[in-house]
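Only one structure is covered here, and it is reproduced in the block below.
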Amino acid sequence: MSMVKRLLLSILLLQLILNLNAQTTNKIVGLVKGTDGRAVNAATIRLFGEDSTLIKTKICDTKGYYEISISKEGSFYIVASCSGYGNTYSPNFTIAKNGGDFTVPTILLSHDTNEMQEVIVSGNYTKPMVQVEAGKTIINVANSINATGSNAFELLQKSPGVTTDKDDNITVKGKNGVRIYIDGRPTQMSNDDLPMYLRSINSADIESIEIISSPSAQYDAAGNAGIINIKFKKNNKTGLNGSVSLGLMYGKTFKTPESFSFNYRNKKINFFANYSFNWGTRQENLFIFRNQSDTTYNQTNQRNITSTVNNIKTGLDYYVSKKSTIGFIATANFNKNTDAADGFTLIGPIGAAPVDSLHAQNIMPGNIKNIDYNINYRFADTMGHELAFDADYGLYKNDKTSDQPNWYYNISPYAFLYDNIYNNNTSIDINIYTAKLDYSTPFKKGKLELGGKTSYVTTGNIYNVYNVTNSMSVFDPTQSNNFKYKENVNALYVNYNRPINKKWTVQGGLRVENTVSNGQLTRYYSMSMPDDSVKHNYTDFFPAASVTYVANENNTFNLTFSRRIDRPNYKYLNPFETRIDELTYEKGNAFLLPQYTNSVELSHTFKNRFITTISFSHVTDLSAQIIDTIGKSASYLTPENLASQNIVNLNFSLPFKITKWWNIFTNLNGYYSIYKGNINAAMINLSVTSYSLYMEQTFSFLSNYTAEITGYYDGPSVWEGTFKSTPIGGMDIGIQRKLLKNKASIKLSCSDLFNSMHWRGISNYNGAYVNASGNWESHLIKLNFTYHFGNSQISQSQHHTASEDENKRTSSSGGLGGS
C-alpha cells in the first residue's frame, strides 16, 4: 500500500474514532448593564466566531442576564446592542468543550438619549479600527480610510509599537527578530526582498494585522519579538460575490494599486480567487557623512525603484461533511523591478575642503518569483476534537543583474582621474518543504493540544562578478562564489489550557525543536577559508506559560512567560563579500549563531477596554548588522552576535468614545534598552530610553461620510546595535463616502501630511564615525474606489482551513538602503 493511501486510511480511521465520542454542551453567561450600573432590559446579544461568523443570537432578560448554550470550542466574542445604545463588544475568549460554563465580563452599554437606533441582527458588523487583547493587538485594516492605497510595509510602519529603521528592519517594542506571516504562510525571501514584497501587497487585500507578543507552544519558536500575521480578506457569503478596487496615488510620480476578488460558495464547495496589480516608481534619498582614519566621505544618493507587481491567490475548499474539509491553496507573487541608484561622494581630509569626488551608479534590473502550494485537511466535531494536516511547498527565485560604474574626479582643477566598472549577476533559489499535524481535544475540563512539524529548506546563491575594461566584461573569480545552504527543523509540542474556576485560567506548553544545517561555499579560485563549510546540529526546548486572573468585572490580569529563538537569515550566512559600491561592502558570517530571548509580560485590563502591559526581555547572542572598516577608505556591513540585550517595556492602550460620532484610540509605548558586546576588541555599550505614540481618530457625520486622522511618533532608538536614531513622526488624514446603497465607497486620503518622515542615525564604532539620514516618498495623495457585488447572505456553517495557524520561519530584516 502506498504512503498516500496509508495516510488517507489513517485519517479516516481517526475521524471514525472521533465521531464515536459523546457531545458536550457548555454555557456562556453574562450581564449587560448601562454605564449607570443598571441592568439593560431586552438587550440583543450576538455571539461571533473568531472569523466574524454569527453563531447565535439571544435576548437578555429584565435583569440584563443572558445564557447561550454552545457545543463547539474555539475563540469567540460578543456584540451587545439595544435600542438607544451603541454597540459594545467583549474581548475575545476561548471555550474548551469540557471546560464548564464561561462567564463573560460584564458588558457596559453607553446610553444615548438623543438618538434611538434600530438594532439589526447581522453577521457583518463594523469592528473597531484597533482591538487590544492580552498578548495581542489587532489592526482592522479593512475599516481604515487612511490605509487605503497603502501597502503592507507602510501599514506596519504605522502600527502601534512597531518601528522600522533605515535598512527596513522591523522591530516591535524595541526588540528585533519579529516574524512576518501572510495568512500563516511563509514569506521565504532574502533580507533585501521581504520589504519589497510587503510593499507589493495592496491594503485593499488585507483584512487585519495581528501583532502577537506571546505566542503559545503551538507556534514555531522563531521570532524573538513575537509574530506579525498579515491576514488577507475572506469571504463568508454564499453564492457568487466579490469586489473591485481601483486606485491612483501621486507623490513624486503616479502609482496605481488595483485589485479584484471573487468567491463562490455553496454547501459543498468554496472557490475563491484574488488578483492585485501594482505599478509605479518609488523614490528614496540617502545621505551618508563618514569620517574614517583621516578622511571624510560625504555621500548623496538617490534611488528610484520601478516595479510591476502581480499578486495571485486562488483556492478550493471541499466540504466532505459538516465535520471534514479538504482544501487546496496556491499563491503567487511576480515582481519585475528596476532599482536605479545614482550617488555622488566628496572625498577629502577631515576638517578641510574636499579634494576628490566619486560618481557611482548602480542599475539593477530584477525578476522575482514567489509561489506557494498548500493542501490541507481539517476535521472538527461538536465535541471539541479537531485534527488539522497541512503540507506546503514553496519556491522563491530572484534573478538580478547589476551594472556599476565608478568614476573618480579631481575637484580643483576639475579633471577625470580614473574609473572602475563592474557587472554582476546574482541568482537566488530557495525551495521549502513543510508538513505539520495538529490535534486538540477536551481533557480534564480543559483543552489539550499536541502536534508536530517538519521543514526542509535548500537555498542556492550564485554571485558572479565581471570587471569591465574598454567595454569588455571579464569574469573575476576572486569576487565570485556559489553558496549552498540546507536546513532541516523538526518539532514536537504539547500545550494545555484550563479554566480552574471563574477567576483563574492557566495555560502551559513545551515545544522541542531540533535544527540541522549545512552551509557550503564554493570559491572560483584555489584559496580555501575556514568558513567555506559550516555545519550545526542543536536541540532546544521552548516553554511557554500564562496565568489569567479575573479579579472582578472591571479588572483582569494576565501573566505570560516564553522562550524564543531567531535563526540567522539565509543570506547572512554567506561569508563572501558583496560589492555595494567602490567604497562599501556587505559580507555574511557563516559562524553567526541563533539568538535566544526569555520574556516575561504582565498585563492589566480595566473595564474590558484599557490595557496596561509591562514586560522584561533578556536576549543572548543578539545578532545585528555592524559597520566595520577595510583599510583606510572602505567600510563594510556584516552580521555579528553582540552578546546581550535587556529591554524593559511599558505599554498603554486607551480607546475612548468621545461622542456618538467621535472615537479615539491611543497607544503609548515606552522602553529602556541596554546593548553590551565585545567584537574584535571593540566595545559596544549603548543604552537608550525610547517611546512611541500612535493615535487614531474616527469621525462619522451626515449619513454616509466618515473621516480619519492618524498620528504616529517614534522617539530615539538604537539600530543594529551601533546606530542611535533621532525621533521621527507623521500624520495621515482621509475621508470616505458610501455609495450605491453601501455597495461602493470612494476614499480620498493623504499620507505623511506634513512630509515629516525623515530619518537620521549616528554610529561611532571601530574607527568609523557615520552620520546617515534619508527620506522616502511618504507624502502621497491617494484616491480609491471600491465596489462590492453579489450575494450579501452570511454563511454560518462553513469551515476554514487550519493552515492559518501555521508558523514558519521568515526574514524580516533589510540590507543597505533607504526606508
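Return a whole-number percent for the relative contact order of segment 425-542, with Cα pairs under 8 Å and 6 or more residues apart as the contact set. Worked out over segment 425-542, it gives 22 percent. Other residues lying with their Cβ under 9 Å from the Cβ of Asn598 contribute a combined charge of +2, Lys and Arg counting +1, Asp and Glu -1. Taking a Cβ cut-off of under 9 Å around Gly177, the surrounding Lys, Arg, Asp and Glu residues balance to a net charge of +2, with basic ones at +1 and acidic ones at -1. Rg/Rh, computed from the Cα trace of segment 130-805 with Rh as the Kirkwood radius, has the value 0.96. The trypsin sites (Lys or Arg not before Pro) of segment 610-715 meeting both criteria, a DSSP state outside H, G, I, E and B (loop) and at most 15 other C-beta atoms within 10 angstrom of the site's C-beta, are Lys632, Lys660.
Determine the distance separating the Cα centre of segment 244-322 from the Cα centre of segment 470-518; give it in Å without decimals. Computed from Cα coordinates, the inter-centre distance equals 26 Å. Once the convex hull of all Cα atoms in segment 682-722 is built, its volume per residue stands at 48 Å³. Each peptide in 71-78, 424-431, 349-356 was scored by the mean count of other Cβ atoms within 10 Å over its residues; highest first, the order is 71-78, 424-431, 349-356. Between the beta carbons of Asn488 and Val648, assuming R0 = 35 Å, the FRET efficiency works out to 0.45 to the nearest 0.05. Around the Cα centre of segment 130-805, unit charges on the Cβ atoms of Lys, Arg, Asp and Glu (plus for the first two, minus for the last two) sum to a dipole of about 2820 debye. Residue ranges 198-204, 340-346 sort as 198-204, 340-346 when ordered by packing (mean number of other C-beta atoms within 10 Å per residue, highest first).
For segment 213-234 and segment 646-693, what is the separation of their C-alpha centers, rounded to whole Å? Cα centroid to Cα centroid, the span is 20 Å. Remark: Val474, Val104 ranked as Val474, Val104, counting other beta-carbon atoms within 10 Å and listing the fewest first.
For the charge dipole of segment 130-805, defined by +1 on Lys and Arg C-beta atoms and -1 on Asp and Glu C-beta atoms about the Cα centroid, which residue among Ser471, Asn771, Ser756 has the Cα displaced farthest towards the positive pole? Of the listed residues, the answer is Ser756.
Put a plus charge on the Cβ of each Lys and Arg, a minus charge on the Cβ of each Asp and Glu, and nothing anywhere else: the dipole of segment 491-580 about its Cα centre is then about 260 debye. As a rough guide to protection, the peptides 226-234, 554-562, 462-470 ranked by mean Cβ packing within 10 Å, highest first, stand as 226-234, 554-562, 462-470. Of the trypsin sites (Lys or Arg not before Pro) found in segment 386-484, those that fall in a DSSP loop while having at most 14 other beta-carbon atoms within 10 Å are Lys444, Lys445.
Bear in mind that the values in this text are calculations on the coordinates, not laboratory data. Note that the structure is a prediction, hence the values are computed from the model and not measured. Please note: Cβ atoms are built from the backbone with ideal geometry, for glycine as well, and neighbour counts cover all protein chains shown.
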